[in-house]
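**Q** Can you read through this structure? Questions will come right after.
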Amino acid sequence: MKALHIHIYKSLSYRLLSICITFIISFSLTGSMALAGSIASIDAIIKFVVYFLHERAWGKVFRRLKKKKRELRRRLKA
């Protein structure tokens, strides 16, 4: 369970770091804190959704691979 907590903390710290980087780049390009904050917020939301969809897609790929592997084992035993 300790390793899970470490992964969660590392993931959160990485996400915060990436939001800060997006904010700094946006602010340096626009000169507006409000616009930079909006860009960083939208970026964080989009990346959250894309990551979720990415994980779901890979989950489907792995389930299909497991199913094919089971079918192949059954065929080899027969």
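Every read-out reported here was derived from the displayed coordinates using simple, explicitly stated rules and does not represent laboratory data. Predicted model, so just to flag it, every value in this text is computed and none were measured. Here Cβ is always computed from backbone atoms with ideal geometry, including for glycine, and neighbour counts include all displayed protein chains.
**Q** For the chain, what does the relative contact order come out to in percent, with C-alpha contacts under 8 Å and a separation of six or more?
**A** Values: 22 pairs, mean separation 15.0, N = 78.
Rounded, it is 19 percent for the chain.
**Q** Just rank 4, 35, fewest to most, by other beta-carbon atoms within 10 angstrom.
**A** Values: 4 8, 35 13.
Ascending Cβ contact count within 10 Å gives the list 4, 35.
**Q** Between residue 25 and residue 70, what is the label-to-label distance in nm when each label sits 7 Å out along the Cα-to-Cβ direction?
**A** Simple spin-label model gives 4.3 nm for this pair.
**Q** With only alpha-carbon pairs counted, each pair once and no self-pairs, how large is the Kirkwood hydrodynamic radius of the chain in angstroms? Each step should come with its number before you reach the end.
**A** Working: mean 1/r = 0.0635 Å⁻¹.
Every distinct Cα pair counted, the radius reaches 15.8 Å.
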